[in-house]
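The values are calculated or read from the model by the stated rules, or taken from the named source; none is laboratory data. As the structure is a prediction and not an experimental result, all values here were calculated from the model. As a convention, Cβ positions derive from the backbone with ideal geometry for all residues, glycine included, and neighbour counts pool all protein chains shown.
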Amino acid sequence: MKKKKNINTTETHQNTIGTRIKAVRNYHKLKQAEMAAVINVHLQTFSRYERGLLMPSVEVISLIVEKFNVNPQWLLSAEGEMLKDDSTFKDKSLNFSADDPRILIIVEWLRANPEDIDSFLKLIKSMSGINEAAQNLKKRLL
């Protein structure tokens, strides 16, 4: 008799881009090979996306958004609804293209290690300090 493999529930229920890609595939009742073909990636690559072993490129993210009517904000951050409501997205200008810098920033953020994230946050804080100092100087000059 085979032993049942213990499943780590924290890994299984993590809300990652991989689990969201899998949710899109399941919603459309597709096999991995079928969805991989639609977005033009190898089956092994697609499987690695779903398991969180590989971050999809900006082009792949854009294809998933376009081909499966997925809300890009949900796909990248789990915020909002899975499927986009075209009228809502047109009004809010949330249509993304592969070269959109917002997508590039989010993808790089998701790939970053904790030390890089800390450095980035420190840089942002220092920039806001510079901006605040510039605003104060501008007020004094006017």
Just give me the residues in segment 23-68 being at pLDDT 95 or above and among the aromatic types (Phe, Trp, Tyr), in sequence order. 46, 49
Any residue at all in segment 79-95 that's surrounded by fewer than 12 Cβ atoms within 10 Å (Cβ to Cβ), modelled with pLDDT of 75 or more and in the same structural domain as residue 23 (by TED's automatic domain parsing)? yes
Looking for whichever is assigned by TED's automatic domain parsing to the domain that holds residue 101 and on the phi > 0 side of the Ramachandran plot here; the options are 69, 26, 15. Which one fits? 69
All but one of (1) charged (D, E, K, R); (2) assigned to a helix (DSSP H, G or I); (3) without any contact (Cβ under 8 Å) to a residue 24 or more places away in the chain hold for residue 81; which doesn't? (2)
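Among the residues of segment 26-68, count how many are over 23 Å from residue 109 (Cα atoms) and surrounded by fewer than 15 Cβ atoms within 10 Å (Cβ to Cβ).
Applying the first criterion (over 23 Å from residue 109 (Cα atoms)) to segment 26-68 yields 26-38, 40, 42-44, 67-68.
Right, trim to surrounded by fewer than 15 Cβ atoms within 10 Å (Cβ to Cβ) and you get 26-29, 31, 33-34, 37, 40, 42-44, 67.
Here the count works out to 13.
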